[in-house]
1. Could you list, in sequence order, all residues of the range 23-37 that are buried (at least 21 other Cβ atoms within 10 Å of the Cβ) and in contact (Cβ under 8 Å) with a residue 40 or more places away in the chain?
2. Being under 12 Å from the mean Cα position of the chain (by Cα), within 22 Å of R90 (Cβ to Cβ) and not charged (D, E, K, R) is the requirement here; does G56 meet it?
3. So for the range 178-201 (the condition being crowded, with 17+ Cβ neighbours inside 10 Å and outside any helix (DSSP H, G or I)), does at least one residue qualify?
Amino acid sequence: MALRLLLADDHPLIREGLKASLLDQGFTIVAEAEDGKSAVNLTLEHRPDVVVMDIGLPELDGLEAIRRIVRARPQSRVMVLTAHDDEQMRKAASDAGAMAYVCKNASTKEISDAVRALARGEVLLPRPDKNERNANRVTQLDAYFGSNQPGDPILTKREQEVLQHFANGNSTVEVARTLTISQKTVKNHLTSIYQKLNVRDRTEAVLLAVRMGIIKLERRTRPRI
């Protein structure tokens with residue numbers, strides 16, 4: 001039987017991309033939450049095997065949401081999936097009751113393997129290793145962009161600007177107006193971005209670019225420790 005997951009992230013593009021990736025890996029997504037309070041309530045309602053959640057959530061921050069989930073539904077193991085990669089945050093997540101801590105620049109396979117290991121009862125809270133993390137990022141980049149020479153930009157500055165605006169939730173019309181270019185030019189930039197990143201659509205492009213550190217997602221809240 002497929003593992004049942006609940007996804008909690010306040011950024012819809014991240015949720016959409018993560019959901020597509022995990023469905024491709026054979027998981028079942030039973031619910032999605034955009035804030036900490038919903039994450040707790042939906043966990044109690046749907047009883048997932050694993051809750052995959054960010055820490056920086058509105059309404060109820062991720063750390064408090066983890067505490068409430070662990071108290072009320074300890075059978076649902078919690079995996080933190082976040083952009084915050086530091087020892088203090090890892091310790092806070094562990095103290096709250098999370099049993100895995102994975103950074104958003106991890107590959108789909110790494111995330112899937114972590115979910116399966118967590119479901120088996122393993123605890124995945126390693127100490128951050130900056131050199132290892134950087135090496136993994138280079139390996140991921142080489143897998144996608146093996147023809148690039150060291151130092152070559154993956155996306156042009158303008159393509160990064162366009163993708164960042166989409167990551168911030170802007171429409172094609174809004175991106176064109178903000179950058180003072182035509183909508184056709186925006187679409188041309190998107191086509192180029194898709195080819196360079198080897199992705200099919202805007203969501204995949206944003207998700208991969210965030211993982212690679214090319215763009216950043218604006219957060220509505222900052223997790224409290």
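Every read-out reported here was derived from the displayed coordinates using simple, explicitly stated rules and does not represent laboratory data. In this text the structure is predicted, and so the values were computed from the model without any measurement. We place every Cβ from the backbone using ideal geometry, glycine too, and count neighbours over all the protein chains shown.
1. At the first step, the residues of the range 23-37 found to be buried (at least 21 other Cβ atoms within 10 Å of the Cβ) are 27, 33, 36.
Within the range 23-37, just F27 meets the criteria.
2. Yes, satisfied.
3. The answer is yes, given that some residue of the range 178-201 is crowded, with 17+ Cβ neighbours inside 10 Å and outside any helix (DSSP H, G or I).
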